[in-house]
1. From Arg145, Arg81, which residue is in contact (Cβ under 8 Å) with a residue 12 or more places away in the chain and closer than 23 Å to Leu208 by Cα?
2. Identify all residues within segment 166-181 that are under 29 Å from the mean Cα position of the chain (by Cα) and among the aliphatic types (A, V, I, L, M); write none if there are none.
3. Could you please tell me which pairs satisfy a Cβ distance under 7 Å, a separation of 6+ or placement on different chains, a first residue in segment 175-192 that is within 15 Å of Leu205 (Cα to Cα), and a second residue that is not aliphatic (A, V, I, L, M)?
4. With the requirement that a residue be outside any loop (DSSP other than H, G, I, E, B) and farther than 17 Å from Lys164 by Cα, what does segment 201-212 give you?
5. From Val51, Val58, which residue is touching an Asp or Glu at 6+ places or on another chain (Cβ under 6 Å) and either surrounded by fewer than 21 Cβ atoms within 10 Å (Cβ to Cβ) or not in a helix (DSSP H, G or I) (or both)?
6. Enumerate the helices (runs of 4 or more DSSP H) found wholly within segment 118-200, keeping only those where 3 or more residues are farther than 30 Å from Phe101 by Cβ and not small (Gly, Ala, Ser).
7. List the residue pairs whose Cβ atoms are under 8 Å apart, where the first residue sits in segment 204-227 and is over 30 Å from Tyr55 (Cα atoms), the second is of a type in the set (Gly, Ala, Ser) and modelled with pLDDT under 95, and the two are 6 or more positions apart or on different chains.
Amino acid sequence: MSTRKVTAITEELCGSSFSKSTVSALCMALDPAVTAFRYRPLEKRYPFVMVDAIYTKVRENGRIRSKGLMIAIGINEQGYREVLGFCCADSETEAGWTAFFRELKDRGLSQVEMVVSDSHKGLVQAVKQSFQGATWQRCQTHFSRNMLDVCPKKLQSEMKAALKSLYEADDHDTAVILRDNMISRFQQEAPKAADLLDESFDDVLAVLNLPFSLRRRLRTTNGIERLNEEIRRRERVIRIFPNEESLCRLVGALLMETHDAWQSGKVYLDLTAYLSQQEPVVNNMTQKSVA
């Protein structure tokens with residue numbers, strides 16, 4: 001809620017008038033809790049991480065500037081989602097994302113097996129630099145939009161159906177056959193789409209290396225997109241934040257609330273099959289190390 005609305009409601013409920021400065025001072029009392037949450041140690045293992053950014057407006061030195069809000073969520077070994085962290089930056093550059101990932105790693109984030117995100121160039125480069133050895137899963141929802149953007153309108157319905165079949169392939173060999181059929185079908189009438197599919201295939205279908213039960217929720221960034229919608233719903237009330245501190249205060253408080261709800265809610269992913277799949281690999285590595 002805006003300061004003006006808080007003032008009006010407290011006056012009606014309490015019979016007393018609160019100045020904007022008083023309301024702002026009360027809100028600032030959230031800062032220690034938000035700071036503690038934002039920089040807490042990450043002591044669990046998070047095999048899967050989703051990252052995304054949204055843009056909002058902040059008043060800075062008398063000017064209204066666009067600020068990128070970078071957010072990361074992780075799925076721990078118990079299958080619960082956690083808000084790992086967030087930060088503000090002027091834009092989604094490789095340097096900005098790398099600094100954010102470095103902060104997460106300094107707080108304890110390690111052993112990441114897969115990072116799910118869109119294909120923003122700076123973000124992808126930062127993922128490759130910061131999480132060497134991890135797999136990058138390109139969001140299939142964003143990829144479908146990219147494909148349709150370079151596909152003639154008359155072919156878009158057919159393209160959607162073909163992509164759906166590709167995403168639901170049972171295994172890599174089946175996906176390769178479907179990909180080759182799509183390239184053959186669309187090469188003449190939609191050459192840019194065919195080339196994009198050929199170039200991006202491995203990243204878009206990286207989830208095929210995971211147990212079937214995990215693929216649907218890890219093949220897109222929908223898990224973090226819904227969180228972004230909640231931030232947007234509250235951010236629309238403010239429209240323009242008076243400073244970066246107020247942005248971090250509001251978003252941090254919302255993320256704390258969401259984080260707690262996730263911890264007390266249902267398991268997001270059952271990782272039993274995945275962890276069983278990993279045990280032989282870990283045992284082999286241990287035996288080699290001992291030898």
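1. Values: Arg145 fails: in contact (Cβ under 8 Å) with a residue 12 or more places away in the chain.
Matching residue, one of Arg145, Arg81: Arg81.
2. Of segment 166-181, the ones under 29 Å from the mean Cα position of the chain (by Cα) are 166-176, 178-179.
Within segment 166-181, Leu166, Ala169, Ala175, Val176, Leu178 qualify.
3. Between residues of segment 175-192 that are within 15 Å of Leu205 (Cα to Cα) and residues that are not aliphatic (A, V, I, L, M), the close pairs are Leu178/Ser165; Arg179/Phe201.
4. Within segment 201-212, the first condition is being outside any loop (DSSP other than H, G, I, E, B), and the residues that meet it are 201-204, 206-209, 212.
Asn209 - this is the single residue of segment 201-212 that is outside any loop (DSSP other than H, G, I, E, B) and farther than 17 Å from Lys164 by Cα.
5. Working: Val51 fails: touching an Asp or Glu at 6+ places or on another chain (Cβ under 6 Å).
Just one listed residue meets the conditions, Val58.
6. Numbers: elements: 121-130, 140-149, 156-167, 172-186.
Here the list reads 156-167, 172-186.
7. Listed by first residue and then by second, the contacts come to Pro211/Ala273; Ser213/Ala273.
The values are calculated or read from the model by the stated rules, or taken from the named source; none is laboratory data. All values reported here derive from a predicted model rather than from experimental measurement. Note: ideal-geometry Cβ built from the backbone for every residue, glycine included; neighbour counts use all protein chains shown.
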